[in-house]
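Report on the structure given below.
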Amino acid sequence: MTGWLRRRWRLVVVRGHSMAPTLRDGDRLLVRVGRVPAIGDLVVFRARDVVPRTDVTWMVKRVHAVEPDGAVTVRGDNVHSQDSRHFGAVPPEAVLGVARGRR
């Protein structure tokens, strides 16, 4: 059961302020791996798939739109956030999953 649980859920720690005031630095998110995102969901995705020269491995953003091919347009809750307005849509294969809870 433990292996199954680890494949389906991940605990992600938020670093930075791009999702403030919703999320703060140090918040922990429970992420449902493989879940198809919908508008308004918080998604975790591989940053290097969309921002090649970043030091960040993962990003957390809010889904603004879902494209027909499954790509998602994302926005940060902080007005100074780097998001799809800067790097474009996030391909579906880059999305780890959808945040389902905060701890």
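Throughout, read-outs are computed from the coordinates displayed, never taken from laboratory work. It should be emphasised that the depicted structure is a prediction, and the values quoted were computed from it without experimental measurement. Reconstructed Cβ throughout: ideal geometry from the backbone, glycine too, with neighbour counts over all protein chains shown.
Using Cβ counts within 10 Å as a stand-in for footprinting exposure, how do Met59, Met19 rank, fewest first?
Sorted ascending by nearby Cβ count, the order is Met19, Met59.
If amide hydrogens are placed 1.01 Å from N in the peptide plane, which non-local residues have theirs closer than 5 Å to the one on Trp58?
Here Ala47 satisfy the definition.
Any idea what the dipole of the chain comes to, in debye rounded to 20, about its Cα centre with Lys/Arg Cβ at +1 and Asp/Glu Cβ at -1?
On the way: 19 positive and 10 negative charges, 109 e Å.
Charge dipole, the chain, about its Cα centre: 520 debye, nearest 20.
Enumerate the amide H contacts of Arg35 below 5 Å, restricted to partners 5 or more residues apart or on another chain; note that Pro and chain-start residues carry no placed amide H.
Sorted by chain and number, the residues that satisfy this are Val98.
Give or take rounding to whole Å, what are the principal axis extents of the alpha carbon atoms in the chain, in descending order?
41, 32, 26
Going by how many other Cβ atoms sit within 10 Å of their own, how do Asp83, Asp25, Asp77 line up, fewest first?
Fewest to most other Cβ atoms nearby, the residues stand as Asp25, Asp77, Asp83.
Fewest to most neighbouring Cβ within 10 Å: what's the order for Leu96, Leu11, Leu30, Leu23?
Starting with the residue having the fewest Cβ neighbours, the order is Leu11, Leu30, Leu96, Leu23.
With a point put 7 Å past each Cα toward its Cβ, work out how far Thr57 is from Trp9 in nm, to one decimal.
2.1 nm
Could you work out the helix-only [θ] at 222 nm for the chain, with each DSSP H run of four or more residues adding -39,500 (n - 2.57) and the total divided by the number of residues, to the nearest 500 deg cm²/dmol?
Calculated mean residue ellipticity at 222 nm is -2000 deg cm²/dmol.
Which one of Val50, Gly76, Gly34 has its Cα pushed farthest toward the positive end of the charge dipole of the range 2-102, where Lys and Arg give +1 and Asp and Glu give -1 at the Cβ?
Most positive-ward Cα: Gly34.
Calculate the spin-label point distance for Ala65 paired with Val79, positioning each point 7 Å from the Cα along the beta-carbon direction, and give it in nanometres.
2.2 nm
List, in order, the whole-Hz ³J(HN,Hα) value for each residue of the range 46-62 obtained from phi through the Karplus relation with A = 6.51, B = -1.76, C = 1.60 and θ = phi - 60°; use x for Gly and Pro.
Each residue's phi maps through the Karplus curve to give 5, 5, 5, 6, 10, 10, x, 9, 9, 8, 7, 8, 10, 10, 10, 8, 9 Hz.
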